[in-house]
1. How much net charge surrounds R372 when only the other residues with a Cβ under 11 Å from the Cβ of R372 are counted, with Lys and Arg +1 and Asp and Glu -1?
2. Rg/Rh for the stretch 294-419: what does it come to with C-alpha atoms and Rh from Kirkwood?
3. Output the DSSP H helices from the chain with an along-axis C-alpha extent of no less than 30 Å and a mean Kyte-Doolittle hydropathy no less than 1.0.
4. Near K629, which lysines are there with a Cα under 20 Å away, not counting those fewer than 8 places off in the same chain?
5. If I take the Cα coordinates of the stretch 215-352 and project them onto the principal axes, what are the three extents in Å, biggest first?
6. Can you give the convex hull volume per residue for the Cα atoms of the stretch 21-107, as a whole number of Å³?
7. At a Förster radius of 41 Å, what calculated FRET efficiency corresponds to the Cβ-Cβ distance of R147 and V519, to the nearest 0.05?
8. Checking the cross-link filter: which aspartates and glutamates have an alpha carbon closer than 15 Å to that of K32, excluding same-chain neighbours under 8 positions apart?
Amino acid sequence: MIAQEVQTNVPPDTRELGHRYDGVAKVTGRAKYAAEFPVKGVAYGHIVTATIPAGEVASIDTSAAERASGVHNVLTPFNAPRVTVSGNVNILQDTTVYFSGQPIAVIVARSLPEARQAAKLLRITYKEQPAKLGFHAHLADARPPGRGRETRRGDPDASLAKAAVVIDNIYSTPIENHNPMEPHATIASWDGDKLEVYDATQGISGTQGTLARTFGIPQANVHVINPYVGGGFGCKGYTWSHTVLACMAAKVAGRPVKIALDRGQMFGPVGSRPNTYQHIKLAAASDGKLLLQHHESTCYTSLIQDWVEGAAGQTSLMYDSESLFTEHKVVPLNLGMGTWMRAPGESTGSFGLEVALDELAEKLNMDPVQLRLINYAEKNPENGKPWSSKHLREAYSQAADRFGWSKRNAKPGQMREGDLLIGYGMATANYGAGRSPSSAIVRIQPNGRVYVGIGTQDLGTGTYTILAQSVAQALNMDPSLVDVKLGDTTLPRSGGSGGSTTAASVCPAVYEAAVAAKVKLAQVAVADPHSPFHGANADDLDTRDGQLYLKSTMAKAGADPESITALIARNGGEAIEATATSQLAPDRDTFTSHSWGAVFVEVAVNAHTHMPLVRRAVATYDIGTLLNKKTGTNQLSGGIVWGIGMALHEEAHIDHRYGRTINENFAEYHVPVNADVHEIDVTCLNIPDYKFNQLGCRGIGEIGITGVAAAISNAIYNATGKRVRDLPITLDKLM
Ligand code: MOS
């Protein structure tokens, strides 16, 4: 059961769409995903991947494959067209093998089975080199990443010297892989030097830019289409090899080419969350005041490019402390690139930091919530700037009340129900708030409906829904009369959907475009001799439910409105259209915007089998305005579900001889199923952050996962007395 309840501090004129805008299209199968678009004459591309983790492709004999049934072309590093490498993708430009699973050839055939069959006929020889694969075995090779990330505050040694209590431990998290329902897919078609691409991506404009640079064509020549995405979570935030290879193959084959990755290809070639090895030292005075926070995090990186899982990043702003030291290091290995995966940094780092705080609270004999309140950051400790809005205190107290935290027994192993050991644990959730400039177009249509177009994308999270609502709010109309178009680079440009920035970027843009269209509509009315508002001041007019009103009489009985459709019909019958580009807050350098939450969990651990179960998760978030109750709380509870997976299930195992992920499938890479997910109670304070943007909303894509794994580990400690600092918390660690 997933319980969702929301406090109502929202302005009363908010027009909430009670259903998902795209819900019917999705459940009826009408929504088309990238691989599903019918493209005439399309051929099927199959990516052949390296079977060694390090070395070089010495030769590829393609003769048998080329003669095989249905095969159009075989692309290898030896015959592929030369392009500009934009980003660090493996696109057949050289013979180096950086990791097992790296694309080294593409077969283009009439059908997918024929392409796969031909792949077996390739004769590939390698010059192998010794590979570096074991993360822990190579920890001694850790080095600062290309761009070093070290922060320091105060005098760490002096602070440590005067501490009454010190926690000093290693916390670690495994390699994890994104598993959206929809794996990556691309269909590419060329028409001369114009390229049309259906691509499953978190950023149509990013894909457009990368492809334009790669093939040396103007950006305007690249048309990316992506109306629905079956989950992103970070892996679709980067333009990976298969997208470029589909375009390259289509060019060589002289026909459209579709490449859809299989589930196994989701493990490696399209990024992973690197494992982390976190050394955390917390030192406090006897009253609980933090003197030192020391957080060093080491993760693997590929040999292609340094990519850092920024686990220690958040530590500098979460809590006040006299001194601070954070640092990131990388261990280069022969594995696929690391990349963003839901709350990159915050999810792994909050595991370490929030478990360490629980340990500190125990040593201080202090309630874990109390410890966090004592060290509450009233301002951003990094730079002393005020928060644009922070209500974490209310989040702690609301979630604690709903959970029943006061009933917790701080001593482990005291709460028992038959064979079940019950434990309570909590942690703080957090994620930054960012925005990118976005443009949008709004058309008030002659038929009374309103069209909005914006070059963003909906990862399945509710972007369509909140766009319709934001327009409806600006025009005081029913959101079900708004038609939303997105996922197309011919629309006004918007940023990528990553870093929880979409809602805060696109909603203000469409809101402003709708307001601009309303102003134009009012100008038409005041200029029209047949309008009751002829000669009035356009600024005095407003719209509500398809009517134009004088603001002063709008609320009064006997007001004399004019129908918008009639006004448009009398004035040429064309849609009233306006565009707008949302700007970032001009004073944004004077404050920090950040989202917060408090998550409390109850676990039941079987005393005999050691099987842990998360029976309840209760979380309250301070995310600014909650734009839509259904999609918003769903997004947050989905993050908690992923947090359960992170805590108890997820781990990619690498074979240290061959460099492949061993469990590259849903049977062996475990994610939570319904049996693992019980009561989830999500609430939002719903206090608008108007300094951040005019709708007061901060993004919520990532915060839901943060803190959850720590809260679960802390609850398991409370239940069993076993402190698990290494994820996932599998049964063997509780024996
Ligand atoms: Mo998010 S990991 O920035 O898609």
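1. That works out to -3.
2. Rg divided by Rh gives 1.05.
3. Those that clear 30 Å and a mean of 1.0 are 502-527.
4. Of all the lysines, those that pass the test against K629 - Cα under 20 Å, at least 8 places apart if same chain - are K26.
5. Taking max minus min along each principal axis of the Cα atoms, the stretch 215-352 gives 72, 32, 29 Å.
6. Given the Cα convex hull of the stretch 21-107, per-residue volume reads 175 Å³.
7. Efficiency for this residue pair is about 0.35.
8. Here the aspartates and glutamates satisfying the reach criterion relative to K32 are D22, E182, D199, D458, D488.
Values quoted throughout were computed directly from the atomic coordinates according to the rules given, and no laboratory measurement underlies them. Note that the structure is predicted; figures quoted are calculated from it, not measured. Note: ideal-geometry Cβ built from the backbone for every residue, glycine included; neighbour counts use all protein chains shown.
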